[in-house]
Each structure stands twice: as structure tokens, then as C-alpha cells.
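Encoded as C-alpha cells, the structure appears first; notes follow it.
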Amino acid sequence: MEQAAFPFADREILTVSDVNERIKIVLEDTFFDLWIEGEISNLRTPSSGHTYLTLKDEHSQLRSVLFKMQRRYLRFDPKDGMLVIARGRLAVYEPRGEYQLVIDYMEPKGVGALQLAFEQLKSRLAQAGFFDHARKRPLPMLPRAIGIVTSPTGAVIRDMLQILRRRFVNMHVCLYPVRVQGAGAAEEISQGIAALNGYPGIDVIIVARGGGSIEDLWAFNEEPVARAIYGSAIPVISAVGHEIDYTIADFVADVRAPTPSAAAELVIRRKSELQDGLQIAVQRLERAMHHHLEGLRARLNAAQQRRVLQDPWAPLHILEQRLDELNGRLERAARSRLRRAQEVLERGAVAVSHLNPLAQIGGLRERLAELDRRLMASQSAVLRRDREALERSTATLQALSPLAVLARGYGICRHQADGQVIREADAVAPGMPVAITLWRGTLQCTVDAVVMKGSDDARTDI
């Protein structure tokens, strides 16, 4: 009865996370290396750099993701509607309980990834004007120096140098060594082109590499190399691979050479050919000059025979005589004009001589000297009169001066207490201190007795 009541007593209850985790283990252990063919749809690449897409066929679809690290190794740009073959593994995205294909590698179906990338870049650069014939420049006839961007080892550089030496023995060559395949090769080639643009004297640059597969030549199909060639101020010859090999560099370059050796032959003509051409030009110039001189000589002879040209110097002699005559007339006219001007100047000088400020200054100077003499005499008389008056006043003052009286033996008596002058004897009393000022010095005294004039009475200090 208990078993019938509880048929699920031993059941196992799982969480959603447990189910997703078990599914994840089964899927990832079972489907870990898959090759899947499908059409791309719903392609999007957010700011994270990861690419999300859906692979579909006629009956079903599969969510897929291409992470940023794996996206970097793609040789082409995936687009909606493109049929591709993808390699990857199934994984479960547990937060939503969905499974998806994590793509490690992808290539377009029916055409190689490199070929598709080549066509995509070619189309984009063509639209940007990189291949326009109007911008392509001619090669210099005789470059001062040739720059070469290639590997420093191998047959390519040896063959090119041998050909250049044979065609023009003293041609200056500047080699910028780079890797021509593998990771980082495109960046080195771009740097080499830019560096040679800054080297003085280089008039043409050759970008060269020997033949190989599309993978071997891929560095010359990358956009940095195309932009370096496009931005070069010096004409560029692309000599990559064999005659049947075409790269993006060939389309952008000013000139394409089928092989590196052909580029060496194309960049400079043989020195002997240039010398022969120069000799031919010199001979043609000599013949042309001789023919021209013969024509002039014939015209001269014809003119002499017609007596048109009797004496070529006669008109010149006439002009010289006329010039001498005019020169003499000019000198005479100038002397006459100068003489008249001098006479006018002399008459004017006489007419204004009385107005000469120098003469006026002389008279004024004499007048000033006379006034100065009169002023000095007047000052001397006034000073003499004033000195005599001063002497008289001094004598009078000296006669009236109390010092003169004191000098005759008189003295001035004053109270010591307040310095008042004592004029009468009754103004003091015996025992009072007084000061008597003499002509020289002062006496400090004490009154012993007071005697009044005309009286026999005397006061004494008892």
C-alpha cells in the first residue's frame, strides 16, 4: 500500500543549472571537432569584436560565434548570404540554456579564403582610386640611385645586382632588407618603402620577390603594402613572383615587372645604349647647326650680291657722330645754364646782404659789450657809495655803542636775581648781590653801602 501511495519516493530532482551542465558535458564531449557547411545569416559584430552569426540550410539553423582572437586569422570578411565551411565545437551557453557552435576556422565554400580576401581588397582599393592610371608616374630615364625592398638573401637580389652591374656598372643601389613572407612581412615591406622615400638621391624603388604559391606571396596582397606604395613620392616598380602571378602591389605600383630580373632590366637602360643615343643626338645636333649656318651664309652672300648690305657699320658710325654732337650740345647748354644760375645767385646775395643775420649779430654783440661796460662802471660807483655810507654808519654806531663807553672805564650794574639794570643807588640795599659788566668780563659783587649823591647820609649793612 505504501508503494502505491508514493510511486516517486526515490525520484531525483535536478535544478535547471544541473540539467544545462549535464547537457554541456555531453555535447562538448561528443561534438568537439565538427566541420559544418552552411549559409551565413544574422551576422553582427558588436564593439567587443566577437562575431555572432547563424549557419543555416534549407531545413534548419545553428547559432554560432566567432570570437575575436579567431576572427583575426580570417583572410576574408564574412558576409550575410555567403556559403562557408566552418570548423568548431558545440558549447552550451548556460545562462540561456542554448547551445551554439564555437568556430575556430572558416573558409568560403567553392573559393579559397585567400582568393576571396584578394578579390575583396582589390575591389575596395579600386573604388578608392588606388589603381587609377592617371596617378601612375613614368620611370626616370637615368635614375641617380635605385632603392630595392627585398630579402637580402637568395637568388632574387643577386640576379638583380648582377643585371644592374652589367647594364650600368657605376649605378648606385640602396637595399632595404625585409622578410618577404610570413607574419610581419607586410609591415617590414611598408616600412622599407617609407624609409627609402626619405633617402636622398633615390629616384625609383623596386619591390621584389621570387615566385611561390599565393600563401608565399600573400604579404604583397595586404593593405599596408598597398597603402605604402600608393603614398610613395617616388615611382615604384612591383616585381613579385613570376609573369603569371598577380598581387595587389602589382595593381597599385606605377609599373609592374613580370619578374625581378625584368625589373632590373626595365629600371635602367644599358649604359652603352645611352652613350650611343647621346652620340646620335650630338651628330644630329651638329648636322642641324651646320645646315642652319649654311643657310645663313647663303642669305649673306645673296644680300652682298644685291648690294643691299654695303657697309654694316655705316649706320652705326652715323649714330655715333650724332651721339657726339648731342653730347657736346648738352655740355654747352649745361655750362650756360650753370653760369646764369651763378649770376642770379650773386645778385641775390648782394640784395640780401643787409639782411644777413650774421652782420646783425655782430652789431648786437658790440652793443651788448658796451652795455656790459656801462653796467660794470655803474655797479662799481654804487658799491663805492654804499661802502662809504656803511663806513660812516659803522663809525656812528661805534661811537654810540655801550661797548665804547665801557672801553673808557665805565660799567653796567645789574641785579643778579633778574638781570635788571641798576640806574640809581637807592635801587639797591647793602648786602644785595649785583653783577657789574665791564668792557671785558663781569664782576659778581655784594653792596656794602649805599651813598646818595649830594647827601652825607649813608646806608650800611649792619
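Observations, loosely collected:
- Hits in the stretch 434-446 (condition: in contact (Cβ under 8 Å) with a residue 12 or more places away in the chain and within 25 Å of Ala407 (Cβ to Cβ)): Val434, Ala435, Ile436, Thr437, Leu438, Trp439, Leu443, Gln444, Cys445
- Boolean, Ala183 is assigned to a strand (DSSP E or B), under 22 Å from Thr247 (Cα atoms) and in the same structural domain as Ser151 (by TED's automatic domain parsing): no
- Remark: Gln321 falls outside the filter, which requires a residue to be under 30 Å from Pro433 (Cβ atoms) and either modelled with pLDDT of 75 or more or within 60 Å of the chain's Cα centre (by Cα) (or both).
- Options Ala219, Ala228: the member that is in a helix (DSSP H, G or I), within 14 Å of Thr150 (Cα to Cα) and among the aliphatic types (A, V, I, L, M): Ala219
- Among the residues of the stretch 396-409, not a single one is modelled with pLDDT of 85 or more, under 19 Å from Trp439 (Cα atoms) and among the basic types (Lys, Arg).
A quick yes/no check of all residues on (1) touching a strand residue (DSSP E or B) at 6+ places or on another chain (Cβ under 6 Å); (2) over 25 Å from Pro224 (Cα atoms); (3) hydroxyl-bearing (Ser, Thr, Tyr); (4) loosely packed, with under 15 Cβ neighbours inside 10 Å:
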position	(1), (2), (3), (4)
Arg135	no, no, no, yes
Leu142	no, yes, no, yes
Ile148	yes, no, no, no
Ser151	no, no, yes, no
Gly154	no, no, no, yes
Leu161	no, yes, no, no
Val169	no, yes, no, yes
Pro177	no, no, no, yes
Gly182	no, no, no, yes
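- One residue stands out among those in the stretch 198-218 that are of a type outside the set (Val, Ile, Thr) and farther than 19 Å from Pro258 by Cα: the one that is surrounded by the fewest Cβ atoms within 10 Å (Cβ to Cβ), which is Pro200.
- Check on Gly49, modelled with pLDDT under 85 and assigned to a loop (DSSP other than H, G, I, E, B): no
- Within the stretch 20-40, considering residues that are among the aliphatic types (A, V, I, L, M) and more than 18 Å from Gly97 (Cβ to Cβ), the one nearest to the chain's Cα centre (by Cα): Ile40
- Against the numbered list (1) within 25 Å of Ser64 (Cβ to Cβ); (2) not in a helix (DSSP H, G or I); (3) not assigned by TED's automatic domain parsing to the domain that holds Lys68, Pro140 comes up short only at (1).
- Among the residues of the stretch 10-26, those identified as more than 21 Å from Ala91 (Cα to Cα) and among the acidic types (Asp, Glu) are Asp10, Glu12.
- Any chance Arg63 is modelled with pLDDT of 85 or more, under 43 Å from the mean Cα position of the chain (by Cα) and not polar (S, T, N, Q): no
- Here the stretch 382-441 is the region considered, the condition is being charged (D, E, K, R) and closer than 19 Å to Met452 by Cα, and the residue that is surrounded by the most Cβ atoms within 10 Å (Cβ to Cβ) is Arg414.
- Verdict on Phe118 being without any contact (Cβ under 8 Å) to a residue 60 or more places away in the chain, outside any strand (DSSP E or B) and surrounded by 14 or more Cβ atoms within 10 Å (Cβ to Cβ): no
- Among the residues of the stretch 259-269, at least one is touching a His at 6+ places or on another chain (Cβ under 7 Å) and over 18 Å from Gly147 (Cβ atoms).
- Residues in the stretch 143-162 that are part of a helix (DSSP H, G or I) and of a type in the set (Val, Ile, Thr) were compared, and the one that is nearest to Gly211 (Cα to Cα) is Val156.
- In the stretch 228-246, the residues that are within 16 Å of Ser123 (Cα to Cα) and either touching a His at 6+ places or on another chain (Cβ under 6 Å) or in contact (Cβ under 8 Å) with a residue 40 or more places away in the chain (or both): Tyr230
- Test: Val173 is in contact with a helix residue (DSSP H, G or I) (Cβ under 9 Å, 6 or more places away or on another chain) and part of a strand (DSSP E or B): yes
- When residues of the stretch 64-111 are limited to those that are in a loop (DSSP other than H, G, I, E, B) and among the charged types (D, E, K, R), the one surrounded by the fewest Cβ atoms within 10 Å (Cβ to Cβ): Arg72
The values are calculated or read from the model by the stated rules, or taken from the named source; none is laboratory data. This is a predicted model, so every value here is computed, not measured. Please note: Cβ atoms are built from the backbone with ideal geometry, for glycine as well, and neighbour counts cover all protein chains shown.
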